[in-house]
C-alpha cells in the first residue's frame, strides 16, 4: 500500500477525556495519606467505550509534582490513571499516535474536578460521583493511504441517544447543531437590522452634511 | 438686777438715750439734694447682692469603679537556685505561695557531655591530658560554648606552647565526636545522630586559613577597598555583557537551525546558489497562488486520485460514519478539533463569549464534530460581524450627534 | 499608669541596692531607677566619726586630713570604704544593708584577693542577704542596651578599654592606664604653676579682686592664710582640685583632628575666673591638655609611664587582641562612658582616630548624650542588671557564702 497522502481529505475520530472523582469513604486504599479526600480517575477513551489503540500508541498523564512519579505513561488501554488526593490541578495529557499516523502527538490539559459545582453543588446530598468529561475529536488531515485504511477498518460511533453515562450521542450532536443553527439565524436577523440601521444613519448623515454645507455657503 | 441699776453702779452713761436719740436722727436724715421719697426709691444703698455665679464646672472626680488592688511585698523563691534564697518583690493582689518563678524557664544550658572512666581511652589525643580536657569541658559548659570567652579564660598548663582558640575548638569537637561514636557503636546511626556527627567535624586548617584571610581583609587600606569595589562593578558589567551576548547567540542559532533543509544545501552556499534559491522561492510562491486559484474552481470536483482510492473502499454513507470529510486547503498533520475553534483577540473574544451566553450557548460546543464545528464557526463569525455593525452604528450616531 | 507586662521587659525588681564605687565619686541607689540617689564624694575627712559627703568635707577644719580609700580603680582601704558606703546607704538612701541584696561594681582588672575581700566585707560587715560583683564595663555595656561592645571608660583616675562579649568581659584584651580626669587636673595644675598662677581655693578667699583687664595681677584680693587656719595640705589639695575641676570642665576641649598649633591658635579662647577674681584667657593650652589623652608622649605636661598609649590607640589594641571573628562586632559597637569623656570634642575625636586606625571595619560609637547617663553609666547598668528577672538566680546568697567561703565569688561572678 502506498503512503500517498490523500489530498483534501480529513478524517475525524472522536474521543472523550476527563475525570471522575468520588469522595473517599470508609474503604480507603492503603496508599492514601490521611489528608486525601477523594479518589479520582483521569482517562482518555472512546465515546462509546471502544478501544482507541489502533491509532493511539500511548498516553502520558503529567500529574502535579507532589505525586510520586508524577509522569504516568500508559501504553495500553484503558488509558487512565487512578489516584487519591485532595486538590484540583491541571493534568497535562499527551496523546502519542502510532507509527501509522506518523508518530505525532497532541497535547491537551484537563482540570481535575473533585468537588461538584454549578447546579450540582446545590444538591443535597452531594452526588456520589463527580464527573468532568470533555468530548473532542482528533482530526487527521491528508492522511496517508495506510492510515486511511487503518482508520476505516475500525468503525466508530457515538451512541445514538444520550444516557446518563454517556452524554455524547448523535442525539446530542443533532441538538447542538440545531441550537447553533437557531442562534445563527437569530444573529443573522440582528445583523440585517443593524445593516438597515447603518444604511439609514448614513443617509441621515449625508443629508445633514449637505445641509451644513449649504448653510456655510449661505453665510 | 436690771440694766439701769448696773449702770448706776458702774457709772456708765445711760444707754437708752443715745441710741434712741440716734435712731430717729438716722431715720429723719434730711437730704438736701434729693427728696426723701426719691431716696427711698434708690433703696437701701446697701451693698449690691452678689450675682450667683454659675458654679464653675470643675472636672468631677473620676468615679472609681472598684477598689484599687492591693500590691503586696511578697516573698518568692527562684527554682533555678538550690539554696532557697528568698527574695521579695511587689505583686499585685495576693501573693500566691510556691508558684513557679516565671523566669526559671530562661535558665537553659548547653549540654556538654561528661567524660566517664571508660571514655578516657577513646578520646585520647596527642598533646591533651585528661585533666586539661576536663578543664576545657568545664569552661565550655560554664560559658555556653562562647569560644571567644572560653579562650579568654583559658590558662595554659604549658606556657611554652600557648594553645590557640582553634586548638581548643578542635579538641572539643574531637571529644564530642568520639563520645558520640562510643554511644552509638553497635546500633545503627539515626539520621539525627549522623547529622550531629557530621556537624561536629571541625576543619581546623580551614578555620585558621579563613581567619587569616579575614585579618588580611581587615587590614586593607581605604585605597584598596575602593579599588576592590571598582573591580566588582566592572566584573558585574562584564558578566551582564556576556549574558547578553550568549542570549543573542542563542537567538541566532535558533533562527538558523529552525527550518531544516530537505536536501543538501551545498548547491546554495555560493552567491550564485543563493540567487538561484531566491528565484526558486519566488517561483514557488507564484505557483502556490496559481494553485489556489485553480483548486478553487474545481472545488466541486474532488482530486481524482484520492477519490478513486476512497471510492474503492467505502460508500458515501459510510463516509459519514468514518468521519471523513472533504476540505480544501489542508495541511498534512494531526490536530485536535478543539484547536480549530476560531479565536480572536481578547477584547473581541470576551464580547463574543458574552453574546454566546445571552444566546444560551456554551463558549465551546459540547460535541465538536465536523458538522457542529462548522456551524459554530459560522455562528461566531456572524457574531463578529454583528459586533462590527454595532460599532459602525455607534460611530455614526456619535458623528451625527457631534455634527449637530 | 500600668507598666508593661513583666514578660515584655523582663524586669522583676527586688529592691536591690546598686553600689558603684569610683575614685572620685561613690554612687549608690536602688535597682530599677534610672540614676543613683546617693552620689557621695569618695574623699572623706579622717575623724571619728569621719566626715563624709559633699555637705561636710568642704568645711575648713583645722588639722583635717583628707583620705581616699580607692586605688587603681578599686578599694584598697576597706575600712574607709565601708564608712563611705554606710553613709551613702544608711544616711542618704535611708535603708539598711541587711534588708536588700547588694550589687557592687568592680573594674576589669581586680585580683582574686580583691574580689574575695569584697565578698567577705559584704556578708560579714555589711550583712547583706545576697551579693553580686559585676564588672563595670559590662554594666556600662548594658546601660547602652547592648550585650556585646567595646567599652571605653574614661574615669577620674584611669581610662580603660574592655571588650564585653555577650555580657562577659575578655580579660586578656582589656587595657587600662592612668589617663583620666585626675591626669588632666594634674596637667592643668602643672601648667598653671609654670605660668606662676596660684590657685587659691574658695575657702581662703575673703574678698575677690575686681579686675578690669585680664592678666592683671590679682594681688588686690584678700586671701586668708592657710597656715593660720591650720589647714592641712591634703585638705588644701582637695579644695584646689575643686577649682581646677571647674577650670577643666569649662575650658578644656579636644580638637577633632590631631593637634596642630596653627589650628589651635585660630580657635577662640575661653576665659576663666579664679576664686580670687583672677581672670585668664585660655588659648592653646586648653587643647594640648586634652590632646594628652590621645597622645600622652607628645603633649603631656607631666610624666607618664613609658608605655602609656592614647585613648584611640588603646581601643585599637583592645579590638586587635581579640579573635578575628569578634572584631567586627566589637568595632561596630563601641560604648564610651565615664565622666571625663564629657570633655568637649572627645567622642568625635575618638571616632575620627578609629576610622583611620580601623579602615577595614565599620566603626560605630555609642556615647550617651545626657551627661548624667555618661557619668553614671556603670551604675545604670548595674541597676538594669539587678532588676532583671533572669538575673535573680545569679546572686550569691548568705547561705552559699557560709557553705562555700569567699572563693565562691570566682565561680559565680564570671
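A few points about this structure:
Let's see how each residue does on (1) at pLDDT 80 or above; (2) away from every other protein chain (no Cβ under 14 Å):
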{"residue": "B:100", "(1), (2)": "no, no"}
{"residue": "B:116", "(1), (2)": "yes, yes"}
{"residue": "B:119", "(1), (2)": "no, yes"}
{"residue": "B:128", "(1), (2)": "yes, yes"}
{"residue": "B:133", "(1), (2)": "yes, yes"}
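- The residue of the stretch C:20-32 that is nearest to residue C:135 (Cα to Cα), among those that are more than 14 Å from every other protein chain (Cβ to nearest Cβ) and touching a helix residue (DSSP H, G or I) at 6+ places or on another chain (Cβ under 6 Å), is C:20.
- When residues of the stretch B:361-375 are limited to those that are at the interface with chain A (Cβ under 7 Å from one of its Cβ atoms) and within 47 Å of the chain's Cα centre (by Cα), the one farthest from residue A:139 (Cα to Cα): B:361
- Filter pass, residue B:94 being more than 9 Å from chain C (Cβ to nearest Cβ) and modelled with pLDDT under 80: yes
- Looking across the stretch C:360-397, the residues that are in contact with a strand residue (DSSP E or B) (Cβ under 7 Å, 6 or more places away or on another chain), part of a helix (DSSP H, G or I) and within 14 Å of chain B (Cβ to nearest Cβ) come down to C:385, C:389.
- For the criterion of being modelled with pLDDT of 85 or more and assigned to a loop (DSSP other than H, G, I, E, B), residue B:144 passes.
- Residues of the stretch C:26-45 that are within 12 Å of the chain's Cα centre (by Cα) and surrounded by fewer than 21 Cβ atoms within 10 Å (Cβ to Cβ): C:41 alone.
- Hits in the stretch A:95-144 (condition: at pLDDT below 75 and either closer than 19 Å to residue A:19 by Cα or crowded, with 16+ Cβ neighbours inside 10 Å (or both)): A:117, A:118, A:119, A:120, A:121, A:126, A:127, A:128
- Filter pass, residue C:411 being within 12 Å of chain B (Cβ to nearest Cβ), part of a loop (DSSP other than H, G, I, E, B), at pLDDT below 95 and surrounded by fewer than 17 Cβ atoms within 10 Å (Cβ to Cβ): no
A quick yes/no check of all residues on (1) touching a strand residue (DSSP E or B) at 6+ places or on another chain (Cβ under 6 Å); (2) closer than 30 Å to residue B:216 by Cβ; (3) assigned to a loop (DSSP other than H, G, I, E, B):
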position: C:264; (1), (2), (3): no, no, no
position: C:276; (1), (2), (3): yes, no, yes
position: C:288; (1), (2), (3): no, no, no
position: C:303; (1), (2), (3): no, no, yes
position: C:306; (1), (2), (3): no, no, yes
position: C:312; (1), (2), (3): no, yes, no
position: C:336; (1), (2), (3): yes, yes, no
position: C:340; (1), (2), (3): yes, no, no
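- If you check C:319, C:334 for being buried (at least 23 other Cβ atoms within 10 Å of the Cβ), away from chain B (no Cβ under 14 Å), touching a residue at least 12 places away in the same chain (Cβ under 8 Å) and over 22 Å from residue C:185 (Cα atoms), only one passes: C:334.
- Unmet requirement for residue B:177, which otherwise passes all of (1) in a loop (DSSP other than H, G, I, E, B); (2) farther than 30 Å from residue C:357 by Cβ: (1)
- Matching entry among C:133, C:150, C:179 (being in a strand (DSSP E or B) and buried (at least 24 other Cβ atoms within 10 Å of the Cβ)): C:150
- Taking every residue in the stretch B:68-80 that is within 11 Å of chain C (Cβ to nearest Cβ) and surrounded by 14 or more Cβ atoms within 10 Å (Cβ to Cβ) and pairing it with any residue that is modelled with pLDDT of 85 or more and not in a strand (DSSP E or B), at least 6 positions away or on another chain, the pairs with Cβ-Cβ distances below 6 Å are B:78/C:392; B:78/C:393; B:80/C:393.
- Of the strands (runs of 3 or more DSSP E) lying entirely inside the stretch A:5-101, those carrying at least 2 residues that are farther than 25 Å from residue A:138 by Cα are A:9-23, A:38-45, A:79-85.
- Which listed residue is within 14 Å of another protein chain (Cβ to nearest Cβ) and under 18 Å from the mean Cα position of the chain (by Cα), from A:96, A:79: A:96
- Check on residue C:353, within 14 Å of chain B (Cβ to nearest Cβ), touching a helix residue (DSSP H, G or I) at 6+ places or on another chain (Cβ under 8 Å) and modelled with pLDDT under 95: no
- The one condition from (1) buried (at least 16 other Cβ atoms within 10 Å of the Cβ); (2) out of contact with any strand residue (DSSP E or B) (no Cβ under 7 Å at 6 or more places or on another chain); (3) assigned to a helix (DSSP H, G or I) that residue B:193 does not meet is (1).
The values are calculated or read from the model by the stated rules, or taken from the named source; none is laboratory data. Not measured: the values here are computed from a predicted model. Virtual Cβ from ideal backbone geometry, glycine too; neighbours counted across all protein chains shown.
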